[in-house]
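Please treat every number below as a calculation from the coordinates, not as lab data. Note that the coordinates shown come from a computational prediction; the quantities given were computed from them, not determined experimentally.
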Amino acid sequence: MPTSYVCADCDYEFSFEGTEGDPRCPKCGRTEAVEPADTSALQSDIWRQWLVVFAILFIAGLAYVFYR
């Protein structure tokens, strides 16, 4: 069963069908920057959601200070 991976260096997503050894990025050849695609996408979405929350709170704080 092929598993999807993404390379953190070149952002290339690929599937690895091998059973032994670490998956190697076919684009840049690195093995240490390769992560499973499902978990990296989830972490990216969570980070983006928290960034939006902090940005809204920061803008609300600035608006409070200037319009007070």
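Here are the numbers:
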item	result
In Hz, Karplus ³J(HN,Hα) per residue of region 9-23 (6.51, -1.76, 1.60; θ = phi - 60°; x = Gly, Pro)	7, 10, 6, 9, 9, 8, 10, 10, 9, x, 10, 10, x, 7, x
Long-range HN-HN contacts of Y12 with modeled amide H, under 5 Å	C7
Computed [θ] at 222 nm, deg cm²/dmol, the chain (DSSP H ≥ 4; -39,500 (n - 2.57); rounded to nearest 500)	-16000 deg cm²/dmol
Under the Karplus curve 6.51 cos²θ - 1.76 cosθ + 1.60, θ = phi - 60°, whole-Hz ³J(HN,Hα) for region 52-68, x wherever Gly or Pro sits	5, 4, 5, 5, 5, 5, 5, 5, 5, x, 5, 5, 5, 5, 6, 9, 7
Cα gyration tensor shape for the chain, rounded if a/c is under 1.5, else prolate or oblate	prolate
For V34, distant residues with modelled amide H under 5 Å away	A8
